[in-house]
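Worksheet: the structure to be examined is printed underneath.
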Amino acid sequence: MPRHRPPYPAEFRRQLVDLVRSGRTPEELSREFEPTAQAIWNWVRQADRDGGVRRDEGLPSAEREELSRLRRENRQLRQEREPEVGVAISWQRRQPGSRGRPVRSRPDLPVHERAPGRLPDRRHGARARR
């Protein structure tokens, strides 16, 4: 069975809300029809918000649709802007042994050479200070 089903038609939801308002319980309607009792309760609450009867934490349908449209537009604008951000950190790259962390390889930084024939001491080296 699929984990997600298409939404119920608006007319069907309106009919179930009207049946709840006429005196039937959502539990009774959920046994007779497919939606759960909680879904029917949610539809009744949303219909009350849209009608101005209820003023709790939820948004009316018109504001909810506008919010989802604005979020979608914001996501699209972020995706269009993203390549510009990628150029700013293009000097970072991954090298073997970096354990997936970006390694900065900048040619303008000076390179320190060690004395010939000497091995770096791990306890006193540059890495030990980090």
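Fully extending the segment from Ser22 to Glu73, taken as 0.36 nm per residue of separation minus the present Cα-Cα distance, adds 14.3 nm. With the simple spin-label model, which puts each label point 7 Å out from Cα in the Cβ direction, the Arg31 to Val53 separation comes to 2.4 nm.
Using a probe of 1.4 angstrom, how much of the accessible area of segment 8-53 is carbon and sulfur, in percent?
Whole-percent figure for carbon plus sulfur exposure: 51.
Computed over the alpha-carbon pairs of segment 1-58, the distance histogram in 5 Å steps reads 4, 18, 28, 24, 16, 7, 2, 1 percent, short to long.
How far, in nm, would the chain grow between Arg64 and Glu80 when pulled straight, counting 0.36 nm per residue and subtracting the alpha carbon separation?
Extra length available between Arg64 and Glu80 comes to 3.3 nm.
Among the trypsin sites (Lys or Arg not before Pro) in segment 39-83, those located in a DSSP loop and surrounded by at most 12 other Cβ atoms within 10 Å of their own Cβ are Arg55.
Ligands, DNA and RNA excluded, the heavy atoms of Glu66 present near 90 Å² of accessible surface to a 1.4 Å solvent probe.
The values are calculated or read from the model by the stated rules, or taken from the named source; none is laboratory data. Everything quoted here is computed from the prediction, not taken from an experiment. Virtual Cβ from ideal backbone geometry, glycine too; neighbours counted across all protein chains shown. Keep in mind that these areas ignore ligands, DNA and RNA; they rest on the heavy atoms of the full protein, side chains included. Shrake-Rupley method; radii C 1.70, N 1.55, O 1.52, S 1.80 Å.
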